[in-house]
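Peer 1: Okay, handing you the structure first.
The values are calculated or read from the model by the stated rules, or taken from the named source; none is laboratory data. Computed from a predicted structure; not experimentally measured. Reconstructed Cβ throughout: ideal geometry from the backbone, glycine too, with neighbour counts over all protein chains shown. Calculation scope for accessible area: heavy atoms of the full protein, side chains included, ligands and nucleic acids excluded. Shrake-Rupley method; radii C 1.70, N 1.55, O 1.52, S 1.80 Å.
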Amino acid sequence: MKKVLALLLVGSMAVVFALSLSGCGSKEEVMEDITIEPEVVEDIEGVADGDIPLDPRSDDDIYIDLLSKVFADINFEFDQYRVLDRDVPTLESVAAWLRENPDARVLIEGHCDERGTNEYNMALGEQRALAARRYLVGLGIDSGRLTTISYGEERPVALGSTEDAWSQNRRGHFAVAM
Amino acid sequence: MKGRAKLGSMRFSRVVPYVLSAAVLLAVSGAADARDVYLNIEKGFGEKITVALPLFEGAGGMVDASNIRDVLMFDLSNSGHFSVVENLEFVDETEAADRATGSVAFPEWIALGGEILVKGAFEAGLSEFSLEAMVYDLGQGKAILGRKYAGEAGRWRDVVHSLSNDIVALIAGEQGIALTKIAFVSNVTGTKQIYVMDYDGENRRRITRDDLLAIYPDWFPDGKRLAYTRYRNQRQEACIVSVTSGVVQKLTSFPGLNAFVAVSPRGGDLAMSLSRDGNTEIYRLQADGANPKRLTFGRSTESSPCWSPDGRRIAFVSDRSGSPQIYVMNSTGGTVERLTYRGGYNTSPDWSPEGDLIAYTSKVDGVFQICTVDVETKEVVRLTTGWEDKEDPSWAPDGRHLVYSMESGGKSNLYMLDIYELEPLRLTSGGGDYLSPAWSF
């Protein structure tokens, strides 16, 4: 038993030593550690304000890409899911098209560039799709006609590790079921 | 440490199906008195016990003595408690002399630097592989373990792993990890599918076969089933796949996200992210996917839940502060406490089997590294270096080893890391990416 404890102790010391060697944690980061207050938040039960539940989807729905300028991709900033001002005209044209085609339903795909971690990108992609959906609901579209899916970083449209490829891959994509 | 074997209490293999039990204990004088042996070899700080591993006696079709020694050497060195006597030429000469005299030349073995000696004989038949091993405490000049093992010929490595685990249990007093498995995702066939391999990277086998994009495997504690997420008909489905039969059973297919299924330590509950209420949140469900109960509330993103080993808490990722950070809450919801403060991108937590640490991925100077945070003190320790991105750590049941993926040259591979020795060992190679590892219980 003593030996095991001793091993553990030495092990921890080795880790701390390795850490100091590796120079992990710049001075700036240490400052940040000190200045941030501990954060304890009580989550309030119940659906949050502004949540718009997704309606159950029919298994028969097949969403296809319409080769129309109406359904241009919208894009996002790195690690963000806020709808950008420059994509508002696209979302307005999608909303207008949905008003003219009252039986159509839209699947909003959320995608990410390769730079984040795989798991977080999956969550981020969903948040991007949900943000676009929320915007369309704000434009008066029935939320039951809008559903979402995240592909995270699984389906890039542009290959390569360039800023141009990344910005194309951070996107919301619209597919339509009639 | 959790899972530490009581000294002197032998463990039999979980995997080898017909290891004979009491009948196979060979006649060893004083074998039951393992406690004395253990104390006798107790050493100073951090030193390892040196073990001499002569080639086992025997022959057979597909396995030779050096294959067996390679497995034992890997298992014992990797356990963190042993160093293997390196001069194999002298080791094998000494063994040859022992065989000629029919005895154990304890002074010779000690002169080679050995403290423990493992001798054995094997038979590699067409259908069965069997092994008989003796473990000697050289200082005391006596045998401390004698045991016979057998298994299917195709699973001879598991038979040898069983011996390794017994040696680790006897000498180090811990349950070894030599029979554990690692589940992961790979795109070697084109589409990402779920695979399982032995903990040392051997015996890789494909588990999902439907060619539907499959991600994020997580073990049920029975070691026979994996929860994961797949894409079918333009939707995500959380599923269970049987590792033995490959049969897939659907858990959830809510509209939106159905991802990051984390099985509770006893297997009775699931935690996962769903977006069915219009936002990405953590839910708790029954093990069959029924009765989802929402645990987090707000407009932020809540993802990647993992359970504490006692099942009472859940760690997860939230961007409620403006950047992804690790948080902890009770597994029934309620108060949420932030754990990580250093760095602006902390994701993919995994809770250690001892409950004290959470391993996670942290962006440090633009590169994703593997770190741990102490759940009580919030002290952060960085475990990896170098410019390559690493992510998705998963703990071995010994609380000492982690497996994670590292991207290099455009390809991701899996690496094993002993957190006390910090020398990563590559487990996968060839033909695609290897991602999202999950170490079995």
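Peer 1: Shielding of A:109-122 by partners, i.e. mean partner chain Cβ atoms within 10 Å per residue? Provide the component values of the computation, followed by the final result.
Peer 2: Details: counts 1, 3, 0, 0, 0, 2, 5, 7, 17, 12, 16, 12, 2, 11.
Counting other chains' Cβ atoms within 10 Å and averaging over A:109-122 gives 6.
Peer 1: Moving on. Using R₀ = 51 Å, calculate the FRET efficiency as 1/(1 + (r/R₀)^6) where r is the Cβ-Cβ separation of A:Thr162 and B:Glu376; round to 0.05.
Peer 2: Working: r = 44 Å, r/R0 = 0.85.
After rounding, the FRET efficiency stands at 0.70.
Peer 1: Got a number for carbon plus sulfur as a percent of segment A:69-177's accessible area, 1.4 Å probe?
Peer 2: Values: 1960 of 4100 Å².
Looking at segment A:69-177 in its full context, I get 48 percent from C and S.
Peer 1: Just the number, please: buried accessible area between B and A, total of both chains, 1.4 angstrom probe, nearest 100 square angstrom.
Peer 2: Details: alone 19020 and 12210 Å², together 24800 Å².
Heavy-atom accessible area buried at this interface is about 6400 Å².
Peer 1: Further, regarding this structure: Using only Cα atoms, tell me the angle between helix B:65-78 and the longest principal axis of chain B; keep it within 0 to 90° and round to the nearest 10.
Peer 2: That helix lies at roughly 60 degrees to the long axis.
Peer 1: Computing the accessible area with a 1.4 Å probe over protein heavy atoms, can you report the carbon and sulfur percentage for chain B?
Peer 2: 48
Peer 1: Using 1/(1 + (r/R0)^6) with R0 = 51 angstrom and r between the beta carbons of B:Arg232 and B:Ala105, what's the FRET efficiency to the nearest 0.05? Working shown, then result.
Peer 2: Numbers: r = 65 Å, r/R0 = 1.27.
The value I calculate is 0.20.
Peer 1: Based on Cβ point charges of +1 for Lys and Arg and -1 for Asp and Glu, what charge dipole magnitude is obtained for segment B:215-299 about its Cα centre, in debye rounded to the nearest 20?
Peer 2: Details: 12 positive and 7 negative charges, 26 e Å.
That gives segment B:215-299 a dipole magnitude of about 120 debye.
Peer 1: Tell me whether segment B:304-441 comes out rounded, prolate or oblate; compute the Cα gyration tensor, take square roots of the eigenvalues as a ≥ b ≥ c, and use a/c under 1.5 as the rounded threshold.
Peer 2: Numbers: a/c = 1.83, a/b = 1.44, b/c = 1.27.
Since a/c reaches 1.5 and a/b is larger than b/c, the shape of segment B:304-441 is classed as prolate.
Peer 1: Further question on the same structure: With unit charges on the beta carbons (Lys and Arg positive, Asp and Glu negative) and the dipole taken about the Cα centre of segment B:181-439, which residue among B:Ser303, B:Leu285, B:Gly334 sits farthest to the positive side?
Peer 2: The residue sitting most towards the positive pole is B:Leu285.
Peer 1: Sticking with this structure for a sec: In peptide B:341-349, how many Cβ atoms from other protein chains are near each Cβ within 10 Å, on average?
Peer 2: Values: counts 9, 8, 4, 3, 5, 2, 7, 4, 1.
The shielding value for this peptide is 5.
Peer 1: Computed over the Cα atoms of chain B, what is the convex hull's projected area averaged over all directions, in nm²?
Peer 2: On the way: hull surface 89.5 nm².
The Cα convex hull of chain B, projected and averaged over all directions, gives 22.4 nm².
Peer 1: Quick check for you: with a 1.4 Å probe and neighbouring chains kept, what is the accessible area per residue of segment B:85-220, in Å²? Spell out each step's value before the answer.
Peer 2: Working: 4740 Å² over 136 residues.
Result: 35 Å² of accessible area for each residue.
Peer 1: Right, here's the next one. Using a basic spin-label model with each label point 7 Å from the Cα along Cα→Cβ, how many nm lie between B:Lys224 and B:Asp310?
Peer 2: 3.0
Peer 1: In peptide B:268-279, how many Cβ atoms from other protein chains are near each Cβ within 10 Å, on average? Kindly include the intermediate steps, with their values, before the conclusion.
Peer 2: Details: counts 0, 0, 0, 0, 0, 5, 2, 13, 5, 6, 13, 12.
Averaged over the peptide's residues, the number is 5.
Peer 1: Moving on to the next point. Assuming R0 = 51 Å, what is the FRET efficiency of A:Asp73 and B:Glu89, from their Cβ-Cβ distance, to the nearest 0.05? Can you show the working numbers first?
Peer 2: On the way: r = 66 Å, r/R0 = 1.29.
For A:Asp73 and B:Glu89, the calculated efficiency is 0.20.
Peer 1: Top to bottom by accessible area (1.4 Å), largest first, where do B:Leu357, B:Leu383 land? Could you put the intermediate results ahead of the total?
Peer 2: Details: B:Leu357 35, B:Leu383 15 Å².
From most accessible down to least: B:Leu357, B:Leu383.
Peer 1: Rounding to the nearest 10 and keeping the result within 0 to 90°, find how far the Cα-based axis of helix B:88-101 lies from the longest principal axis of chain B.
Peer 2: 40
Peer 1: Report, to the nearest 10°, how far helix B:156-172 tilts away from the longest principal axis of the Cα atoms in chain B, using its own Cα long axis and a range of 0 to 90°.
Peer 2: Roughly 80 degrees between the two axes.
Peer 1: Can you list the residues of segment B:369-391 whose accessible area drops by at least 30 Å² going from the chain on its own to the full set of protein chains, with a 1.4 Å probe?
Peer 2: Residues meeting the cut-off: B:Val381, B:Arg382, B:Glu391.
Peer 1: For chain B, what does -39500 (n - 2.57) per DSSP helix run (n ≥ 4), summed and divided by total residues, give at 222 nm, in deg cm²/dmol to the nearest 500?
Peer 2: Values: 5 runs with 58 residues, N = 441.
Helix-only estimate at 222 nm: -4000 deg cm²/dmol.
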